[in-house]
Amino acid sequence: MLLALPIVIPLATAALLVLLRRYTRAAALLHVVGSIALVAACCAVLARTWDGSIHVLRVGDWPTSVGIVLVSDALSGGMLVVTSLVALAVSISASRGIDIQRRRFGFASYCQLMVVGVCGALLTGDLFNLYVWFEVMLVSSFVLLVLGGERRQLEGAITYVAINLIASVTLLVAIGILYGAAGTVNLADLATRVRHGMDHSVAHVVGVLFLVAFGIKAALFPLFFWLPASYHTPPSLVAALFAGLLTKVGVYALLRVFSLLFWSGFDTTYDVILIASVLTMLTGALGAVGQRDLRPKLCYLLIAHVGYMTMGFALRTESGVAGAAFYIWHHMLVMTGLFMVSGIVVGENPQVAEARNAWLSPRKWMVGGAFLLLAMSLAGLPPSSGFVGKLALVRAALEVERYGVAAVALFVELLTLYALVRAWYDILQRERRKGSPDRPNLRCLREPAFTWVELGPVLGLTIASFGMGLVAAPVFQLAERTAVQLSTPSRYIGAVLGE
Amino acid sequence: METALAILVGSLFAGGLYLLLRPSAIKLVIGLALLSHAANLLLFTAGGLVRAGVPIVKDTEQPTQQIMADPLPQAMILTAIVISFAVLAFSLTMVCRAYSVTGTDNVDAITTRGK
């Protein structure tokens, strides 16, 4: 029963929010309450899977071979908790960060529906069901992207919609071919059949199709160009939610499907993933350095750091997968935080003062400080969570003597630091004439530009990131359990198929 | 029969991709629709084409007595059709809105104006 809660709670909240959308205050309160309930449910799921056990829920009590199963293990448990924290942070600042027009159109309910899709994708143990949850997530994200109907939103949305539908079709084709060859869509069942007696060439083709579909969603090189074209167009809070959840669900699906179905005997595919990861890191970081505007810069950094996760996974060692899992959790928190800061600094309804303030108020200093700390975490300076994650990944690369990969990872870290320190300087510097939406400046924001409602979640995410770095041992243990579970699929298969 | 359907699926994919590459936004939407039809047909073909009985087993007979059609691909296609219908409705609305805001149907003109 517990496993269904992360899907049921946001779904119920979304339904109530549709009814309450005209009463914006009540809706804002319900949005936060629903998100808190989701955090509680996700923590309960994680508490059960913390010791490395795998829990299975047969939906409708159908036997595994015909019904849909929900499965939670260490990886999905950890992802669920971080997802719910991201959703909570966004829900708290939504009452200020999103304008009244968008909230009347049901912004909060679409947020919750997207979280439903994400949680469903994280929990399901059925390939076709995964496709359905992806679609739930995508359609909600389409609506969130165009909500408001500004011209630049529509410009970004056409690219985003088209490329994501191509990814969905590719995924559906891969599932169809796999079903034709194996006769099931249950992941655990498929895992046994792919290992025993499935035509290897078919498996290779399907593997590449999955790689393309998940690669588009995760924004891997060379399939990431839709991301910088669209993520900077909606309100920053929407971008924060997207940046925290969407690409990471793509990475999660890649980890889950490839670790179960295509683990051994697919060396070429993993080499392709490794090369794509390295190029993702490099092109993303160079793109970020080349951008002067804040939000496009963050988009490129988001892409660059997706490369780290897939790089750790493509090494196919336990330390690499553990590093990747840790890095996913860290990255979801930090990226959401950075996009939320960009929302505060830009000022969604830009009340740009003509005369700049020479001195910054304490609150503005806090925003600047939070940005710097999050930037440190993303770049991987100690004692942040990014440091632990990158350390684990670089060590994993060195263990298998991939020195070039490790060197690129370190170089990209340097580029990230350079890009972000420059952005930090931009938002605080004195000599700017006037803030513009793309080149914001804290000094140009009229007081009171923002309140604790927006500042609180950002500080919370910053503290969570540094907490993950300072008390890294238990989190990293969870990541190590994830690695053990992913690299020995027999545990997952045994738990789902029973006995 | 499989060969004919394979050729049909292939031509649908080809047509869909061609339309996606056209500059017109409405052709983009039609292309996406063709692609989803192609995927659905592929799912249908991959499930196996047999002339067989309905997959309903009565209490009195053994399930193995006759060849039954596999109902699962059809259920999956039904789900996929519903989803693609919703997505199609969304894309049409979006393209319509983009046309009324920008005054053009050209995807390149719509998406590259800001750069």
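The values are calculated or read from the model by the stated rules, or taken from the named source; none is laboratory data. Computed from a predicted model, the values in this text were never measured in an experiment. Cβ atoms come from the backbone with ideal geometry, glycine included; neighbour counts cover every protein chain shown.
In region B:95-115, what residues are touching a Phe, Trp or Tyr at 6+ places or on another chain (Cβ under 9 Å) and either modelled with pLDDT of 90 or more or among the β-branched types (Val, Ile, Thr) (or both)? Matches in region B:95-115: B:110 only.
Taken over region A:1-53, the criterion of being buried (at least 18 other Cβ atoms within 10 Å of the Cβ), out of contact with any Ser or Thr (no Cβ under 7 Å at 6 or more places or on another chain) and of a type in the set (Ser, Thr, Tyr) is satisfied by A:13 alone.
For region A:447-499, the tally of residues that are in contact (Cβ under 8 Å) with a residue 24 or more places away in the chain, of a type in the set (Phe, Trp, Tyr) and within 23 Å of residue A:89 (Cα to Cα) stands at 2.
Listed by first and then second residue, the pairs with beta-carbon distance under 8 Å, at least 6 apart or on different chains, first residue in region A:199-211 and touching a residue at least 12 places away in the same chain (Cβ under 8 Å) and in a helix (DSSP H, G or I), second polar (S, T, N, Q) and surrounded by 14 or more Cβ atoms within 10 Å (Cβ to Cβ), are A:204/A:269; A:207/A:269; A:208/A:269; A:209/A:170; A:211/A:269.
Okay, residues lined up against (1) facing chain A (nearest Cβ under 8 Å); (2) within 12 Å of residue A:157 (Cβ to Cβ):
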site: B:84; (1), (2): no, no
site: B:90; (1), (2): yes, yes
site: B:93; (1), (2): no, yes
site: B:96; (1), (2): no, no
site: B:99; (1), (2): no, no
site: B:103; (1), (2): no, no
site: B:110; (1), (2): yes, yes
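Okay, residues lined up against (1) in contact with a helix residue (DSSP H, G or I) (Cβ under 9 Å, 6 or more places away or on another chain); (2) crowded, with 24+ Cβ neighbours inside 10 Å; (3) within 27 Å of residue A:192 (Cα to Cα):
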| residue | (1), (2), (3) |
| --- | --- |
| A:218 | yes, yes, yes |
| A:221 | yes, no, no |
| A:239 | yes, yes, no |
| A:245 | yes, yes, no |
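Does residue A:122 meet the test of being more than 10 Å from chain B (Cβ to nearest Cβ), over 28 Å from residue A:455 (Cα atoms) and assigned to a helix (DSSP H, G or I)? The answer is yes for residue A:122. Among A:184, A:170, which is the only one that is surrounded by fewer than 24 Cβ atoms within 10 Å (Cβ to Cβ), in contact with a Ser or Thr (Cβ under 8 Å, 6 or more places away or on another chain) and touching a residue at least 40 places away in the same chain (Cβ under 8 Å)? After ruling out the rest, the residue left standing is A:184.
Among the residues of region A:148-169, not a single one is more than 9 Å from chain B (Cβ to nearest Cβ) and of a type in the set (Lys, Arg). The condition of being surrounded by 20 or more Cβ atoms within 10 Å (Cβ to Cβ), of a type in the set (A, V, I, L, M, F, W, C) and touching a residue at least 12 places away in the same chain (Cβ under 8 Å) does not hold for residue A:56. Taking the numbered list (1) part of a helix (DSSP H, G or I); (2) at pLDDT 85 or above in turn, residue A:426 passes all entries but (2). Residue A:134 meets all of the listed conditions (1) away from every other protein chain (no Cβ under 14 Å); (2) within 15 Å of the chain's Cα centre (by Cα) but one, namely (1).
Does at least one position in region B:48-57 carry a residue that is at the interface with chain A (Cβ under 8 Å from one of its Cβ atoms) and at pLDDT below 90? Among the residues of region B:48-57, at least one is at the interface with chain A (Cβ under 8 Å from one of its Cβ atoms) and at pLDDT below 90, which makes the answer yes.
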